[in-house]
Every structure is written in structure tokens, then in C-alpha cells.
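Visitor: Shown below is the structure under consideration.
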Amino acid sequence: MKTRQLTSGVVRAALMVFAVAAALPALAQEQSQLEALMNATGLKVEKLEADMWKVPFGGDNAETLEVYVTYNNEKEIGALVFCTVVDRDEDFQFNREVLARALMISNDQPFVKLVLDAEHGDLDCQTEAYMPTLTAEALKMYVDTVAAVSSQYRAELNQLAGQ
């Protein structure tokens, strides 16, 4: 009788171990590739929504820059890292001087570009990275570079834009 009870207890324990082991891959898949990379960067991050994070950086005059990281489209093939450098009202018309300077900065800076979001009245500093080859170290470098370039040119571009 004791052998039967011991055997059934071992069988139950083995079944529980197999059930937990089968559930682990499903739990691991809940974390996206980008989330795993963000967690591995060592950066102070704030998760905003399913696949979007904010990384705060101290900027000029103690202003905080906010760099955002998300996927660049619904296929999740690329990561988009960006920071708003100039923020105006929707449909703001940037003057030629601002746009020309943004093009010059884009030409001179490796890895990042200044891009116009005319609909929202923004000038953003951004970069994109191909997910299958992206590492946590490279993602951290992209985030740091976007923050550095944004901080470096923020005052100049805002002044040119009329503020």
C-alpha cells in the first residue's frame, strides 16, 4: 500500500514539474525582444505602454530630455529611438533657417538624423536599428547618442524656430 501511495505521489510531482516547464516558454514570450534589450541596457527606463519606453536624461539648465524607444512599425523589424528637440503647435511652419540647419546637423552626425514631424509641429532627433542584429550595448549607444545630439542642438534649434 505504501509503495502505491509513494508511486502516485511521485507521478503527481512529476506531472506538476512537466506542467510548470511547459508553461515557462509561454511566460517568457510575454516579454518582447525590445523589452528584453531595454532591460539589459542598464538605463533608467519607464515603461509607458506595451512596447514603448521613456528614458530621462538631464539636459541643459537641468532640463530633462526624454528619449523614447519603441518599434518602428507593427512588424517589429526595427527599433525606433527618438527625442523631440523642437516642439511647436500642430501644423507649425518651420522657417528655412531651421530646416537648413537641421539638414546640416543630420549630415554631420553619425547614427542619428533630425526629422520633421510637420503634422505635430515637431523636429525630432532619431535613429532606427534592425532588431535581428540589435544588442543591448548597441541600443544603449543609440539612446545615449540621441540624447547627446538632442541636448547639443536643442537651444540653437529652438532659438532659430522663434523661441
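The values are calculated or read from the model by the stated rules, or taken from the named source; none is laboratory data. As the structure is a prediction and not an experimental result, all values here were calculated from the model. Neighbour counts are summed over all protein chains in view; Cβ atoms, including those assigned to glycine, are modelled from backbone coordinates with ideal geometry.
Visitor: Out of Val143, Val98, report the one residue that is out of contact with any His (no Cβ under 7 Å at 6 or more places or on another chain) and either polar (S, T, N, Q) or closer than 30 Å to Glu35 by Cβ (or both). Before you say what the answer is, go through the steps one by one.
Guide: Details: Val98 fails: either polar (S, T, N, Q) or closer than 30 Å to Glu35 by Cβ (or both).
Sole residue among the options that is out of contact with any His (no Cβ under 7 Å at 6 or more places or on another chain) and either polar (S, T, N, Q) or closer than 30 Å to Glu35 by Cβ (or both): Val143.
Visitor: Looking only at the range 101-119, filter to residues that are in contact with a helix residue (DSSP H, G or I) (Cβ under 9 Å, 6 or more places away or on another chain) and farther than 11 Å from Val149 by Cα; which one of those is surrounded by the most Cβ atoms within 10 Å (Cβ to Cβ)? Even if it seems obvious, please write down each step before you answer.
Guide: First pass over the range 101-119, keeping only residues in contact with a helix residue (DSSP H, G or I) (Cβ under 9 Å, 6 or more places away or on another chain): 101-102, 105, 109-116.
From what's left, farther than 11 Å from Val149 by Cα: 101-102, 115-116.
Values: Arg101: 18, Ala102: 24, Val115: 14, Leu116: 17.
Among those residues, the one meeting the criterion is Ala102.
Visitor: Filtering the range 127-163 down to residues that are among the charged types (D, E, K, R) and within 30 Å of Phe92 (Cβ to Cβ), which residue is surrounded by the fewest Cβ atoms within 10 Å (Cβ to Cβ)? Let's see the steps before the verdict.
Guide: The initial filter retains those residues of the range 127-163 that are among the charged types (D, E, K, R), namely 128, 137, 140, 144, 154, 156.
Keeping just the survivors that are within 30 Å of Phe92 (Cβ to Cβ) gives 128, 144, 154, 156.
Working: Glu128: 18, Asp144: 16, Arg154: 20, Glu156: 14.
Within the range 127-163, the match that is surrounded by the fewest Cβ atoms within 10 Å (Cβ to Cβ) is Glu156.
Visitor: Could you check the range 120-142 and list, in sequence order, the residues that are over 19 Å from Ile77 (Cβ atoms) and either within 12 Å of the chain's Cα centre (by Cα) or of a type in the set (D, E, K, R) (or both)?
Guide: Pass one, the range 120-142, residues over 19 Å from Ile77 (Cβ atoms): 120-125, 137, 140-141.
Scanning the range 120-142 gives Asp122, Asp124, Glu137, Lys140, Met141.
Visitor: Go through the range 55-94 and report how many residues are under 23 Å from Glu119 (Cα atoms), crowded, with 16+ Cβ neighbours inside 10 Å and either of a type in the set (S, T, N, Q) or under 9 Å from the mean Cα position of the chain (by Cα) (or both).
Guide: Of the residues in the range 55-94, 11 are under 23 Å from Glu119 (Cα atoms), crowded, with 16+ Cβ neighbours inside 10 Å and either of a type in the set (S, T, N, Q) or under 9 Å from the mean Cα position of the chain (by Cα) (or both).
Visitor: Does Leu123 satisfy the condition of being assigned to a helix (DSSP H, G or I), at negative phi, buried (at least 16 other Cβ atoms within 10 Å of the Cβ) and modelled with pLDDT of 95 or more? Spell out the reasoning first.
Guide: Values: assigned to a helix (DSSP H, G or I): no; at negative phi: yes; buried (at least 16 other Cβ atoms within 10 Å of the Cβ): yes; modelled with pLDDT of 95 or more: yes.
No, not satisfied.
Residue-by-condition table, conditions (1) assigned to a helix (DSSP H, G or I); (2) at pLDDT below 95; (3) under 17 Å from Val45 (Cβ atoms); (4) out of contact with any strand residue (DSSP E or B) (no Cβ under 9 Å at 6 or more places or on another chain):
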position	(1), (2), (3), (4)
Val115	no, no, no, no
Pro132	yes, no, no, yes
Leu139	yes, no, yes, no
Val146	yes, no, yes, no
Gly162	no, yes, no, yes
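Visitor: What are the pairs with Cβ atoms under 8 angstrom where one residue, in the range 86-106, is on the phi > 0 side of the Ramachandran plot and part of a loop (DSSP other than H, G, I, E, B) and the other, located anywhere, is exposed (fewer than 12 other Cβ atoms within 10 Å of the Cβ) and of a type outside the set (A, V, I, L, M, F, W, C)? Sequence gap at least six, or different chains.
Guide: Asp91/Glu119
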